[in-house]
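Data block below; observations after.
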Amino acid sequence: MQLTKHTDYAVRVLIYLNTQVDQTALSKANEIAELFDISFNHLTKVIHHLGKAGFIQTIRGKSGGIKLAKPAEQINLGDIIEVMETNLSPVNCQEPPCRLDSVCLAKPIFHKAMQAFLDELRKHTLADICITKSNDVWKLNLDQPVNIVE
């Protein structure tokens, strides 16, 4: 399964917010859009969705911005995917109607695989996928390999 760009951008925003050293500071959507080379309009839709789901806190206005609404250890990856993805059905046998529907046994297997995918994601949090809290991580040169020592 490949996640939609909407979900991909949501995860990027959450990782970005979690890497900020000062977790009380507000981040600006336009700066995040520029950093990830994402359309500002698309990113604002993602941010709105993340805010409605309770993952981030959004503050409107000139001095507004966004920040995590709760600690990264409390933000479950499975929850993020389930909220951001509009369709988690691995197959659609109705569009166009499949002539094999009455004899095919693949659908339950695909659904079981999707459930295993979500179950694995539910074992992890945003904290599990962030290496460090450092505002400098965003200054890395993407043309150079990054060596990360744990």
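The values are calculated or read from the model by the stated rules, or taken from the named source; none is laboratory data. All figures in this text were calculated on a predicted structure; none of them were measured in a lab. Because the Cβ atoms are built from the backbone with ideal geometry, glycine has one as well, and the counts that use them run over all protein chains shown.
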* Determine whether segment 121-128 contains at least one residue that is part of a helix (DSSP H, G or I) and touching a Gly at 6+ places or on another chain (Cβ under 9 Å). => yes
* **Within segment 20-73, considering residues that are of a type in the set (S, T, N, Q) and either over 23 Å from H124 (Cα atoms) or in contact with a Cys (Cβ under 6 Å, 6 or more places away or on another chain) (or both), the one surrounded by the most Cβ atoms within 10 Å (Cβ to Cβ)** => S27
* Asked: So, of the residues in segment 83-120 that are of a type in the set (V, I, T) and assigned to a loop (DSSP other than H, G, I, E, B), which turns out to be farthest from the chain's Cα centre (by Cα)?
  -> V103
* **Of the criteria (1) over 16 Å from T24 (Cα atoms); (2) free of Cβ contacts under 8 Å to residues at least 40 places away in the same chain; (3) hydrophobic (A, V, I, L, M, F, W, C), which one A69 fails** => (1)
* To do: Kindly indicate the residue of segment 110-150 that is small (G, A, S) and under 23 Å from Q23 (Cβ atoms) and also modelled with the highest pLDDT among those meeting that condition.
  => A127
* Structure fact -> Scanning segment 30-59 for residues that are at pLDDT 95 or above and at positive phi gives G54
* Keeping to segment 36-82, report how many residues are more than 14 Å from the chain's Cα centre (by Cα), within 25 Å of D119 (Cβ to Cβ) and not charged (D, E, K, R). => 3
